[in-house]
Structure formats: C-alpha cells, structure tokens
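The values are calculated or read from the model by the stated rules, or taken from the named source; none is laboratory data. Being a predicted model, the structure only gives us computed values, none of them experimental. In this analysis, Cβ positions are derived from the backbone assuming ideal geometry, glycine residues included, and neighbour counts consider all displayed protein chains.
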Amino acid sequence: MLEKNQIYEVEIIDNGYQGEGIAKIDNFPIFIQGVIKGEQVEIKILKVLSNFAYAKILKIIKPSEYRTDADCSDFPKCGGCNLRHIKYDYTLKVKKAKVENCLYKALNRKLKVNDVIGMDNPLNYRNKLQYPVGLGKDNNPVMGVYSERTHNIVPVQNCFIQNEECNKIANKIFKFIKENNISVYNEQTLKGTVRHIVIRIGIKTNEVLVTLVVNDNNFKKEKELVEYLTAKYPNIKSVVKNYNTKNTNVILGNQNEIIYGKGYIHDILGDYKFKISPLSFYQVNPIQTEILYGTAIKYAYADTEHTQKNNIALDLYCGIGTIGIFASKYFKKVYGVEIVEQAIEDAKENAKINNVENIEFYAGDVEKVLPQILENIAGNPKVVFVDPPRKGLDNKTIEVLKTIKPEKIVYISCNPATLARDLKQLEEKYEIKEVQPVDMFPYTSHVECVAVLQQKQDT
C-alpha cells in the first residue's frame, strides 16, 4: 500500500487528460505533473486516495527525447502552461491522443481524427489576460496565476503566452494598486477590493480594454488610474469596473461600471469587425480562431463550390455572433442564440457594423429559445453550428437537434470529453464523419475540436 512521502523509481506509461504523467505501482495509478510518456523518474508520493495517488518529481533518471527546457521561471509552479517542458511539435501528438482516447472511451471505436493544426509561433498568442489579485504568504498583495489545483497565487510578471503589452499593462496596474494602498481580495475573509485584473487587446486594431473586478465600491481612484494608464498606453480605449461580490470561482460578475471610454473595443477576424465587451465571449487566440472558423465553414459545405444560399443555418451558443457572421454570406438566413444578454447586444451591433442583414440573434437558454425560432421559420435548418461551453450540450438541446434533423451538425468543442459524450447521443441519427483538432492553447493541455456530423440516410 502506497503511503505519503514514500519514494519510488517509476516509468511513465502514458500522459493523462490534463497532460500529467501516469505511472503504476502494483497496478495502482499515480499522477505526476511535468513528466513525459517513456521517462524513468524518481518520485515522492504527495497524496494517496482510494483509487489513485499524486506524486512529484524528485529526479529525472531517463529523460524523453521530447523534453525541452521550459524557459520560464514560473514553470512548473504556475498552473497555466502544464506542457511547457515538452517540445511543441510533440505536444500536438499528445493532444491528438487525448482527443482519440476520449472518443474511443465514449464510442468504443476509432474515429477519423486529423492531426492537430498547430502554430508557427506558439508564444504571446493570448488576446485576453486575467490575473487574480490577492494576499501572498507574507500577507502582501500578489498578482499572478493560480498554482495547479489550488487558489495559491504564483506571482507572474511576464507570461510567455500572454500578449506582451497586456503583461506590461497588468504590471503597471498592480504597481498602482500597491502604491495607492488599495486593498486586495482575501478569500478567507471575503473582504478586500480588487479581485482580478482582466485585459483584452484587439490584435488587429491594437485597442485595449481594461476591466478591474472588484468586491466592493471602495475603489475611489478611478480618475487617477485612467490618467496613470493612458499616459503610457494611449491605445487603452476603455476602463471598466466589474462588480463580483459572490464567493465563487467565476471571475466576472454581471454588473459593469464604465469609468473611461465606451466600455468596449473592436477587433478584426477575417473580413469582419467585432465589438468586444467585458462579458463577451471572444476566442483568446485570434490566429487560430480564423483557422477554426474556416474549418467549421468548410465542414458545412458553405464554400463557393457548395453554396447553401437557399438554406437556413443555426448558430447555437453564438457568443458575440462570430461564427454566424462568418457563415452569413453562404446562407439565406442565420439565427444565433446565446444566454448572455450583453453578448447578444454585441452580436446585433456586430451584424450592423459588418452590414450583415440576413442574421437574427436571440438571448436565452438554447433549449428554450430554439423551439420558438423553429416555429417561425419555413422549413428546417440545413446546417446547425454548435459551440457550447466546456460542459457541452444540454440534453434537451440534443433532443431538439435529433427532432429537427438538420443535414449537418458542425460541433465546435473546447472539451473533448463532453464532445465525445454528446457525439455518443447524436450518433443515433448522425454519422460522425471526422474530427479536426486545432491548437488554440499552445503549451496547455487544452485543445479545441471541430466535428462534422452528417444525417444518416435511413433516419
């Protein structure tokens, strides 16, 4: 029986769902961060549970040929880039295996999974920075990233996957907080003012939106902060206070107060311009987003050779309307649905900005709004795009999809596990043609996928 603090030499037999290494002692699984399949390592047991254990590396005895220097002073303390120790090209193979394993586990057969589409330059790709702010071990303010599986903040000043200018702006805001003795959030007492610093940048426009997530109304130096920031960074177009007073892991609350600018910025994807507000969902990697959406459109056969000009498409979980607007020129009509009302307002504005007149947006739960839309349109949609959150599709939504029976479902997923679960339910009516993973989050264990489903002929 394994016990805490025991030391073993083990071989890593696989990499798990979160990129962690897996070893076994007497067939008992042990999860170890920072190791690669095939390596021999010395480990120390940290925690033993009923069905598995956690351990940490003490020494790498036989390194993998795919190991590389992390080149980051915060790795592995930071819980962000958990694949930083692996050569980038090999991380793509790890992610493909992750997708294949999830699908096989759910469907009990192999599906066609293409190689992951990676990046030429997988650094500084994020257009959205969100750093928690709190108290460190010395009770002094700290800003950074949560350590793996904890709410302990690892101080970070220069994250290699964040936009470089966003890093600089975050450091300047944190300096202002400390110099002006502005209180920071304490998770134990639930008191303190500043909880998170969120910065979004339009990669094509260079416009910056700063959002301070606050726990109370005690931040009184808005004017000074704006002057302090814009003197150095005139491309900051708006500064917003977001109120989140709940004891929750959710970063943003529902109430915003604009203290500078109009409360939003713009960015450009492909041929389209998009308005982005603090609560808007907008993909964090714009370079890969264009590839992701292009793949989705291709799978819908919405191209110059296979036009859908006389057909209707649905864009479910539409966010600020990005996919629907991309698809609009290939369809007679597109209907978008999203639960976040602010996102729908932005989506409507985005349609106007881009002179897209054949798209309508509706705010509400997909499973509730979708039947209302279907009552008011002539015929069933030929193509349905779905881009749900990590929890995947609601069961009611799946049943509606099986009822209306579009010719194609193009499923964009940020979670291979829930994608596999949902495909299992949909395969009663649909043939799963192929899955295309896209590396939206280099050096992390996350991977985005586009799956195309074709209605079975006998249903």
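Out of all the residues in segment 356-402, which are among the polar types (S, T, N, Q) and buried (at least 17 other Cβ atoms within 10 Å of the Cβ)?
397 - this is the single residue of segment 356-402 that is among the polar types (S, T, N, Q) and buried (at least 17 other Cβ atoms within 10 Å of the Cβ).
Using the structure shown, decide if residue 110 is basic (Lys, Arg), touching a helix residue (DSSP H, G or I) at 6+ places or on another chain (Cβ under 7 Å), buried (at least 18 other Cβ atoms within 10 Å of the Cβ) and under 25 Å from residue 438 (Cα atoms).
no
Output the number of residues of segment 254-276 satisfying the condition of being farther than 20 Å from residue 318 by Cα and either in contact with a Ser or Thr (Cβ under 6 Å, 6 or more places away or on another chain) or not aliphatic (A, V, I, L, M) (or both).
7
Would you pick out the residues in segment 61-106 that are buried (at least 17 other Cβ atoms within 10 Å of the Cβ) and either at positive phi or among the aliphatic types (A, V, I, L, M) (or both)?
Those that are buried (at least 17 other Cβ atoms within 10 Å of the Cβ) and either at positive phi or among the aliphatic types (A, V, I, L, M) (or both): 70, 83, 86, 92, 94, 99, 103, 106.
Can you tell me how many residues in segment 335-351 are in contact with a Cys (Cβ under 9 Å, 6 or more places away or on another chain) and of a type in the set (A, V, I, L, M)?
Of the residues in that region, 4 qualify.
Going by the conditions given, is residue 161 closer than 17 Å to residue 236 by Cβ, in contact (Cβ under 8 Å) with a residue 40 or more places away in the chain and out of contact with any His (no Cβ under 9 Å at 6 or more places or on another chain)?
No: the conditions fail for residue 161.
Please specify each residue of segment 371-394 satisfying the condition of being under 22 Å from the mean Cα position of the chain (by Cα) and without any contact (Cβ under 8 Å) to a residue 60 or more places away in the chain. Break it down into steps so the answer makes sense when it comes.
The first filter runs over segment 371-394 and keeps only residues under 22 Å from the mean Cα position of the chain (by Cα), leaving 384-394.
Passing the criteria: 390, 391, 392, 393, 394.
In segment 343-355, is there at least one residue being closer than 23 Å to residue 423 by Cβ, among the polar types (S, T, N, Q), at pLDDT 90 or above and buried (at least 17 other Cβ atoms within 10 Å of the Cβ)?
No, every residue in segment 343-355 fails to be closer than 23 Å to residue 423 by Cβ, among the polar types (S, T, N, Q), at pLDDT 90 or above and buried (at least 17 other Cβ atoms within 10 Å of the Cβ).
When the residues of segment 124-147 are filtered to those that are touching a residue at least 60 places away in the same chain (Cβ under 8 Å) and in a loop (DSSP other than H, G, I, E, B), which remaining residue is nearest to residue 250 (Cα to Cα)?
127
Among the residues that make up segment 338-353, is at least one of them assigned to a loop (DSSP other than H, G, I, E, B), over 23 Å from the mean Cα position of the chain (by Cα) and not aliphatic (A, V, I, L, M)? Spell out how you get there, then give the answer.
The first filter runs over segment 338-353 and keeps only residues assigned to a loop (DSSP other than H, G, I, E, B), leaving 339-340.
After this cut, where a residue has to be over 23 Å from the mean Cα position of the chain (by Cα) as well, the list is none.
Taking every residue of segment 338-353 in turn, none turns out to be assigned to a loop (DSSP other than H, G, I, E, B), over 23 Å from the mean Cα position of the chain (by Cα) and not aliphatic (A, V, I, L, M).
Please go through segment 37-47 and pick out each residue that is over 30 Å from the mean Cα position of the chain (by Cα) and either under 30 Å from residue 143 (Cβ atoms) or surrounded by fewer than 17 Cβ atoms within 10 Å (Cβ to Cβ) (or both).
40, 42, 44
Got at least one residue in segment 139-146 being more than 27 Å from residue 214 (Cβ to Cβ) and surrounded by fewer than 20 Cβ atoms within 10 Å (Cβ to Cβ)?
There is no residue in segment 139-146 that is more than 27 Å from residue 214 (Cβ to Cβ) and surrounded by fewer than 20 Cβ atoms within 10 Å (Cβ to Cβ).
Kindly provide the set of residues from segment 17-36 that are assigned to a loop (DSSP other than H, G, I, E, B) and buried (at least 17 other Cβ atoms within 10 Å of the Cβ), ordered by number. If you could, list the steps in order and put the result at the bottom.
The first filter runs over segment 17-36 and keeps only residues assigned to a loop (DSSP other than H, G, I, E, B), leaving 17-20, 26-27, 33-36.
Across segment 17-36, the qualifying residues are 19, 20, 33, 34, 35, 36.
Select from segment 427-445 the residues that are surrounded by fewer than 22 Cβ atoms within 10 Å (Cβ to Cβ) and closer than 24 Å to residue 291 by Cβ and list them in ascending order.
Answer for segment 427-445, where residues must be surrounded by fewer than 22 Cβ atoms within 10 Å (Cβ to Cβ) and closer than 24 Å to residue 291 by Cβ: 432, 433, 434, 444, 445.
Within segment 414-450, count every residue that is in a strand (DSSP E or B) and either touching a residue at least 60 places away in the same chain (Cβ under 8 Å) or farther than 20 Å from residue 382 by Cα (or both).
Final tally of qualifying residues: 10.
Quick check on my filter: what residues within segment 268-283 are modelled with pLDDT of 90 or more, assigned to a loop (DSSP other than H, G, I, E, B) and surrounded by fewer than 19 Cβ atoms within 10 Å (Cβ to Cβ)?
270, 271
Could you check how many residues of segment 126-149 are more than 25 Å from residue 180 (Cβ to Cβ) and of a type in the set (Asp, Glu)?
Adding up the residues that qualify gives 1.
Considering 33, 40, which residue is polar (S, T, N, Q) and closer than 23 Å to residue 155 by Cα? Let's see the steps before the verdict.
On the way: 40 fails: closer than 23 Å to residue 155 by Cα.
So the residue among 33, 40 that is polar (S, T, N, Q) and closer than 23 Å to residue 155 by Cα is 33.
Scan (1) closer than 26 Å to residue 319 by Cα; (2) part of a loop (DSSP other than H, G, I, E, B); (3) not basic (Lys, Arg) for the single condition residue 211 breaks and write down its number.
So residue 211 meets the others, but not (2).
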